[in-house]
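The values are calculated or read from the model by the stated rules, or taken from the named source; none is laboratory data. Computed from a predicted structure; not experimentally measured. Backbone-built Cβ (ideal geometry, glycine too); neighbour counts: all protein chains shown.
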Amino acid sequence: MEMLYVIDDQISTLQSSIYSTNQQLIQKRDDLERLKTLFGQLEDYQEEFKVNQKYCCDPELSVHTWNGQLATQFHLFRIEEIQTSYQSISEYQLDGMIMQIADKIAEIKATIGDLQSDYAAKNANLSDLKAQRREEMAK
C-alpha cells in the first residue's frame, strides 16, 4: 500500500510538470507567431524604404530652380547626409533588427523542439507510472 502512495505522488508531480511544460509550449508558440509577424512587417518596411529612397533627393535642383554656391552645398548635403542617413536606416538598423529577430525565431524553434521532446518523455513516464499503479492495485 505504501508503494501506491509513492506512485500516486510521482504521478501527481509528473502531471504538474506536464502541465507546466504544456504552458511553456503554448507561450513559446505564441512568441514565435508574434516574431514571425514582426519579421514580415520589418521586411516590408525595409522594402518600402528601398523603394522610397529615390525621394531623398527630390526635387531635383536644376539651373532653372536654384543655382549657385548655396544650391551646390545643399545638393551635397542631400547626397552626403540625408541619403547616407536614409540608407543607414535600411541597410544597418533594419538589417540588424531583422537578423536579431531571425536569430530569436531560430532560438524559439529550438526551445519548442526541446519542450516537445520533454513533453513526450514526461507523458511516456506518466503512462509507465499509471501502469505500475494498476499493477500495484491488482496485488
### Task
Might you let me know whether the stretch 39-52 holds any residue that is in contact with a His (Cβ under 9 Å, 6 or more places away or on another chain), modelled with pLDDT under 85 and either surrounded by 11 or more Cβ atoms within 10 Å (Cβ to Cβ) or over 21 Å from Asn123 (Cβ atoms) (or both)?
no
### Query
Could you say whether any residue in the stretch 55-71 is at pLDDT 85 or above, aromatic (Phe, Trp, Tyr) and surrounded by fewer than 14 Cβ atoms within 10 Å (Cβ to Cβ)?
no
### Task
Return the only residue of Leu14, Leu32, Leu25 being within 26 Å of Met97 (Cβ to Cβ), surrounded by 11 or more Cβ atoms within 10 Å (Cβ to Cβ) and in contact with a helix residue (DSSP H, G or I) (Cβ under 9 Å, 6 or more places away or on another chain).
Leu32
### Query
Looking at Lys109, is it at pLDDT 95 or above and within 18 Å of Ser17 (Cβ to Cβ)?
no
## Note on the structure
Counted residues in the stretch 74-133 being closer than 30 Å to Thr13 by Cβ and touching a Phe, Trp or Tyr at 6+ places or on another chain (Cβ under 9 Å) come to 0
